[in-house]
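These notes concern the structure reproduced below.
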Amino acid sequence: MSFYVTTPIYYVNAAPHLGHAYSTIGADILARHHRQRGEDVFFLTGTDEHGEPVALAAEKEGVTPKELADRNAARFEALMPRINASNDFFIRTSDPRHKERVQAFMQRVHDNGHVYKGLYEGWYCPRCADFKGENEIAEGNTCPIHRIPLDREEEENWFFRLSSFQEQLEELYAEPGFVAPSTRFNEARSFITGGLNDVSLSRAKLTWGVEVPWDPAHVFYVWFDALLNYYTALSFGAGERDRTAELWPATLQILAKDILKFHAVIWPAMLLAAGEALPQKLFIHGYLTMKSETGEDLKMSKSLGNVLDPFEVMDKFGTDALRYYCFREVSFGQDGAVSTAGFESRYETELANDYGNLASRTIAMIARYRDRATPEAEADPALAAEFEGLPGEVVDLLDRAEITQALERIWQRVRRLNRYVEEQAPWKLAKDPEQADRLDTVLRSLAEGLRVVTVLLHPYMPETTERLMGALGQDGGFAIEAAGFGGGGAGSVTTLDPPLFPKQP
Ligand code: MSP
């Protein structure tokens, strides 16, 4: 079984911020989870390098678009290992192999009769690289996303006959499924039921893009070139051979709501126009927001200046803490505010106290009372009952990309284990030789519970969980089958030094 997951490809007009890391970490958690299930996973991310936003930013900095793209693409590429993203490939749309495949694909769309030449006039946002519809224009002809004045543009373009896919797209949206969560499904469907207009497919004024093969005076409008990355990458980025036939269509495409229209309407229509299969599902997440200078919670974005630098956070607290925080604090699928104070508080109470302390205490007690050897005893059936069905719940939730809800279920067990320590008070049992068997049971149960949550937390916090698994002396690995309570061995423990989440000065 294959699982092909994508993130949006990021614009190279600026350096990466936490918003970009967020989508990538979300996709990474799912990719790692599906690897735990033994699936053939392909995880793609990359950079969107053509178009006006990049050309404009380059002009401003006095460099060529290619120079700017190289510089910033390198930053995005470096972000990936730093956030522990396990992407199988990093696509850059300036890659000649991508450009060639875009041309071949679009030639098919042309040959199938879905394009024509016409005159375009409309309000255009150079930052979105998008012509705005009447209902997408903010006061004073400004862009509601970037809050900058829109340009009135008129030019001769090639058009894509989006309108001719009205019926097929209505069918796609007849039943829920293609887009999740349901609010986004409804929003996407309303774009379609509102009636589709043809869209411009090429630009004549720009040169920074992929040449239109049947009219080289034009380059493709950047969105057509960009969306196709999900498809072209499989032909050259998935190993020695072309793996398109095995991996296409994508299983899951992750993106934020700002680019819903392109992915939910134009993208499936393009695929239909070329006779290709549609992705199975798009999952639309919300925005990470942060207080701006005016005190409002606004979408974190470079242009508004309210960004949290992921590198700074990771340098201080570690990558896993950042990965955890993003998906704990903001329910995947909704908007949510992040802040340094919120981060520090969760680090302290949840990572250092709930999980870190549980690990340190469990290991310390096994070391002290049982000379490092996890007792062979059977685990406590009462505790086992509370872990029953947990792996299945996590699998079901992650099948729906409900990353935050799955994490919550796991964390409930982390907290349960802490209560178990308090209830059983192993330090009291240790004083009474008649309670030796009970102490064996309690220590074994704690080690086992900790092992189970650690297997399930692995996709969220890969480094921490590897370290803890080693310290527990468990070699059962991270396959999802290993998440059954009672399946662990009687490992020999090692003290965690430093602790998993050291207290910050
Ligand atoms: N290049 C286009 C996407 C083309 S996909 C074929 C683009 N790039 S972008 O650099 O603006 O990145 C957009 C994506 O980054 C969003 O869809 C989202 O996944 C992520 N995010 C950027 N800022 C974000 C937040 N503040 N919060 C959450 N995600 C954010 O659009």
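Once fully extended, how much extra length lies between residue 335 and residue 142, figured as 0.36 nm per residue of separation less the alpha-carbon to alpha-carbon distance?
Numbers: separation 193, 0.36 × 193 = 69.48 nm, distance 2.31 nm.
67.2 nm is the gain from fully extending residue 335 to residue 142.
Candidate cross-link partners of residue 60 among the aspartates and glutamates, defined by an alpha-carbon separation under 17 Å and a same-chain spacing of 8 or more, comprise 49, 52, 70.
Rounded to the nearest 0.05, the FRET efficiency derived from the C-beta distance between residue 70 and residue 215 at R0 = 35 Å is 0.80. Taking the average, over residues, of other Cβ atoms within 10 Å as the packing measure, peptides 13-24, 468-479 rank 13-24, 468-479 from highest down. Under the combined filter of DSSP loop state and at most 10 neighbouring Cβ atoms within 10 Å, region 274-324 retains these GluC sites (Glu not before Pro): 293.
Between residue 431 and residue 367, the FRET efficiency from the beta-carbon distance, with R0 = 22 Å, is close to 0.80. With a cut-off of 12 Å on the backbone N, no residue of region 40-62 is near the modelled label site 7 Å out from residue 100 along Cα-Cβ.
Our coupling estimate for region 461-472, obtained by passing each phi through the Karplus curve with A = 6.51, B = -1.76, C = 1.60 and θ = phi - 60°, is 9, x, 6, 4, 5, 5, 5, 5, 4, x, 5, 7 Hz, Gly and Pro reported as x.
Taking label points 7 Å from Cα along the Cα-to-Cβ direction, residue 15 and residue 438 give a separation of 5.8 nm.
Protection proxy ranking, highest mean first, for peptides 373-383, 250-260: 250-260, 373-383, where packing is the per-residue count of other beta-carbon atoms within 10 Å, averaged.
With a ≥ b ≥ c the root eigenvalues of the C-alpha gyration tensor of region 174-241, is it rounded (a/c under 1.5), prolate (a/b larger than b/c) or oblate? Taking the square roots of the gyration eigenvalues as a ≥ b ≥ c, region 174-241 is oblate. Distance from the C-alpha centroid of region 451-505 to that of region 239-313: 32 Å, rounded to the whole angstrom.
Please say if region 70-225 is rounded, prolate or oblate, where rounded means a/c under 1.5 for a ≥ b ≥ c the square roots of the C-alpha gyration tensor eigenvalues, and otherwise the choice is prolate for a/b larger than b/c and oblate otherwise? Judged from the Cα gyration tensor, region 70-225 comes out rounded (a/c under 1.5). For the chain, a simple Cβ point-charge model (Lys and Arg +1, Asp and Glu -1, everything else neutral) yields a dipole of about 800 debye relative to the Cα centre.
Using 30 Å as the Cα-Cα cut-off, could you pick out the over-long pairs in 132/299; 99/291; 132/291; 99/299? Working shown, then result.
Working: 132/299 20 Å; 99/291 39 Å; 132/291 27 Å; 99/299 32 Å.
Exceeds cut-off: 99/291; 99/299.
Rolled with a 1.4 Å probe across the full set of protein chains, the surface gives residue 117 an accessible area near 90 Å².
Which of rounded, prolate or oblate describes region 300-425 when judged by the alpha-carbon gyration tensor and an a/c cut-off of 1.5? Intermediate values should be presented prior to the final figure.
Values: a/c = 3.03, a/b = 1.67, b/c = 1.82.
Verdict is oblate for region 300-425.
If you average the alpha carbon positions of region 389-407 and of region 1-31, how far apart do those two centres end up, in angstrom? Here the answer is 20 Å between Cα centres. For residue 156, the amide hydrogen comes within under 5 Å of the amide hydrogens of 120, counting only partners 5 or more places away or on other chains and with H modelled in the peptide plane.
Using mean Cβ contacts within 10 Å as the protection proxy, how do 346-352, 429-435, 53-59 order, highest first?
53-59, 346-352, 429-435
The values are calculated or read from the model by the stated rules, or taken from the named source; none is laboratory data. Please read all numbers here as calculations on a predicted model, not as lab measurements. Please note: Cβ atoms are built from the backbone with ideal geometry, for glycine as well, and neighbour counts cover all protein chains shown. The area values use the complete protein model at the heavy-atom level, side chains included, leaving out ligands, DNA and RNA. Shrake-Rupley method; radii C 1.70, N 1.55, O 1.52, S 1.80 Å.
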